Amino acid sequence: MAYWRAMILLASADGDTVPLIARLVHADENAVRDVIHISTRIGLACLDPQERRPPAPAA
């Protein structure tokens with residue numbers, strides 16, 4: 001998944017539009033927007049697989 005997110009971020013940095021990126025990575029446009037918004041919020045940490053996991057339940 002990190003590779004997929006990295007492709008989205010690189011395409012976005014190149015100035016590609018969301019519809020074009022979605023076609024490039026064979027994904028839904030909303031999923032592409034989510035990745036871009038998350039990267040804006042937390043930066044390149046969005047590429048860390050640990051960052052996308054839900055929080056562990058309290059014991």
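Any read-out appearing in this document is the output of simple, stated calculations on the displayed coordinates, not a laboratory observation. All of these numbers come straight from a predicted model, not from anything done at the bench. All Cβ positions, glycine included, derive from the backbone under ideal geometry; neighbour counts span all protein chains shown.
Across segment 2-52, Cα pairs under 8 Å and at least six residues apart give a relative contact order of 40 percent. The dipole here belongs to segment 2-52: it is taken about the Cα centre, uses +1 on the Cβ of Lys and Arg and -1 on the Cβ of Asp and Glu, and is about 40 debye. Shape analysis of segment 2-52 yields a ratio of the Cα radius of gyration to the Kirkwood radius, Rg/Rh, of 0.93.
Sum up the charges of everything whose Cβ sits under 15 Å from the Cβ of R23, counting Lys and Arg as +1 and Asp and Glu as -1, but leave R23 out. With Lys, Arg at +1 and Asp, Glu at -1, the neighbours total -3. In this simple spin-label model, placing a label point 7 Å from the Cα along the Cα-to-Cβ direction at both T40 and D16 gives a separation of 1.9 nm.
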